[in-house]
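Engineer: Structure provided below as structure tokens; questions to follow.
A short reminder: the numbers here are calculations on the coordinates, not readings from a lab. Not measured: the values here are computed from a predicted model. Ideal geometry is used to build each Cβ from the backbone, glycine not excepted, and the neighbour counts take in all protein chains shown.
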């Protein structure tokens, strides 16, 4: 793994398009299509939820009805009929799962195809996985090892049943249901997702990982992730996503909330590879996600994302630096090809004194795609000596794509220091000629140059994710040159 | 050196090439055999670098007439990377920077592409590292440079050494070195030139493009050609380079002035 297998990577992309575009023949139980109070109640009922949660969902749903679809992003979003979506689908299972042997073999094959090491390899890789297929969390591995340290890592539905006090305390505390249109929708209909709690002073001994996959046709996925790192705790969390290849668009409206208590640290890494649609822009996932974390005193939150999938991406993982000396980081590679659109970036909200934030955004646009960075750095009046460094780079491949940058700065304190750097570049003919002359084909050369360009961000990813991300960047560029 | 038994490596006949409307090469004839070193000299703007680029397959130039045979094949029908994989190497006058891509990674891909074209297995990590260590010693290239991004932040001398390092890694049949000596101090020049000489075998050939005789003190050419206004107007042995150093080009090119 350490040996940088760029060659294998480049070899393997020769014939690939979207390699995760298979569907699994797993029976699903679905609720009827459409959205209503009854559906919200039915979801809640199916999950045996306590009344407070049902009420929370209903409040969110009623608020959702008062909102309209946000249109401020640099995106061209076709109208979505929210009544044509199935809000809940679960793979049919005979009884609650006890061990790996009881997992549906077809489901296991799905995970194998995804390359998710659900069993023994996991011990070696030191990864604990919560796999969410459509709406239900199927299997959380390594629970016992983690439990010994008091770490809770399970599906959010289970957390609601087994740790209601924690869920009730933190759910909606960072991203309120009133936050925005899609956050309200998610709060009303969220079906599953992951919950993670690291107790005081505990350093999580392994990477925690969630894989999301939309499988059933016509379904949306509305997962909810809640991560709480209590005082002095540490966790590195990975999120991966794939979806089958379908002609219709699928909606994915997730919410991720992270609470980083005093002196704690959370690293959240995403490799987002939802189906991007075909070369003509048909199909693909609409990825409308709200991700936000709050950092208390001396806490640190680091977002790293590699975004190569989805027809449309609308996503701004943010940090609220509430406590003094809190640190927020955002490292992003967003790549768009063909007719993909992305409007992504971050918000760094400096509330505490001596808070620091760092933003490194690398956009790559190819084909006819549109790629926007949108960021907000906000320094509140009491944020003495706040510091921000932002770097926004755009790389253009071909002459039909677009790169856009919308950096906003709102500074209310004179002691703040803000830096912003931005570059726009193209892959030069000279670079390609140089690579070609060394025997490297143009397509491989582009993959290589793009990976080099994104290196600073890729270096922030855990090793096994970095390799996957490199492959993805190269694969996603297929056919973008020559 | 030159005898009838040698393998004919490169044969350029009446080669014409242009960029836009501008004709730059106006009928180049050149024969290179295995084991030979050819030096191409000439005043600025005579087409030396263009010749190198055209032979490497640069798409900046259009070949308007003539033919080029390389190892028995029609060179002009091959893509840039095919030419490279078949052993044609161009040492760049201005090596290009590729940010974020380490030299080691870049070379690993290049070497394995070539091996693949030859039907060989890719090198293992250990084999590759050993090879890098050996080859970087030939040009006294600081091994730390291979961990840095391709040419990024390299000094002028390091860039040129790095070109010869790549040549050593790729073991070309025909190396065309485009002003590899420009911008080098005396020590770097010696190192680079000695490196090239050490890579010389009876099976490969080298074409060096240079302005200065001093490079040829190290890389002793079998033939020296003077390129002027897109044509080779004069060829001789290594003594020609010495004469040019002393007397300049005037005595040669007067006849060709318009």
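Engineer: Would you mind ranking B:250, A:179, A:444, A:192 by Cβ crowding within 10 Å, fewest neighbours first?
Structural biologist: B:250, A:179, A:444, A:192
Engineer: Sorting B:217, A:343, B:185 on the 10 Å Cβ count, fewest up front, what's the list?
Structural biologist: Least to most surrounded, the residues fall as B:185, B:217, A:343.
Engineer: Separate question: Can you give the FRET efficiency to the nearest 0.05 for residue B:19 and residue A:168, using r as the Cβ-Cβ distance and R₀ = 56 Å?
Structural biologist: Rounded to the nearest 0.05, the efficiency is 0.20.
Engineer: On to the next question. Return B:176, A:379 ranked ascending by Cβ neighbour count within 10 Å, so the fewest neighbours appear first.
Structural biologist: Final ranking by Cβ density, sparse to dense: B:176, A:379.
Engineer: Let me ask another. Please find the FRET efficiency linking residue A:36 to residue A:376, where r is the Cβ-Cβ separation and R0 is fixed at 30 Å, and quote it to the nearest 0.05.
Structural biologist: It comes out at approximately 0.30.
Engineer: Right, another one. Can you pull the mean other chain C-beta count within 10 Å for peptide B:104-116?
Structural biologist: Per-residue shielding by partner chains comes out at 5.
Engineer: Test of understanding: extend the Cα→C-beta vector of residue A:68 to 7 Å, then name every residue of the range A:162-186 with backbone N under 14 Å from that spot.
Structural biologist: The answer is A:181, whose backbone nitrogens lie closer than 14 Å to the label point.
Engineer: For labels at residue A:149 and residue B:126 in the simple 7 Å Cα→Cβ model, what's the distance in nm?
Structural biologist: About 3.5 nm separates the two model spin labels.
Engineer: Here's a follow-up. What distance in nm separates the simple spin-label points at residue B:220 and residue A:55, each placed 7 Å from Cα in the Cβ direction?
Structural biologist: My value for the distance between the label points is 9.8 nm.
Engineer: Which values of log₁₀ I(q)/I(0), to two decimal places, follow from the Debye formula for the range B:45-90 at q = 0.15, 0.21, 0.25, 0.32 Å⁻¹ with a uniform point scatterer at every Cα?
Structural biologist: For the requested q values the scattering log ratios are -0.35, -0.69, -0.96, -1.39.
Engineer: Would you mind pulling out the separation of the Cα centroids of the range B:10-81 and the range B:216-258, in Å?
Structural biologist: Using only Cα atoms, the two centres lie 18 Å from each other.
Engineer: State, to one decimal in nm, how far the label point of residue A:80 lies from the label point of residue A:282, with both points 7 Å from Cα in the Cβ direction.
Structural biologist: Result: 2.2 nm between the two label points.
Engineer: Given the C-alpha atoms of the range B:2-253, compute the convex hull and give its volume per residue in Å³.
Structural biologist: Measuring per residue, one finds 126 Å³ for the Cα hull of the range B:2-253.
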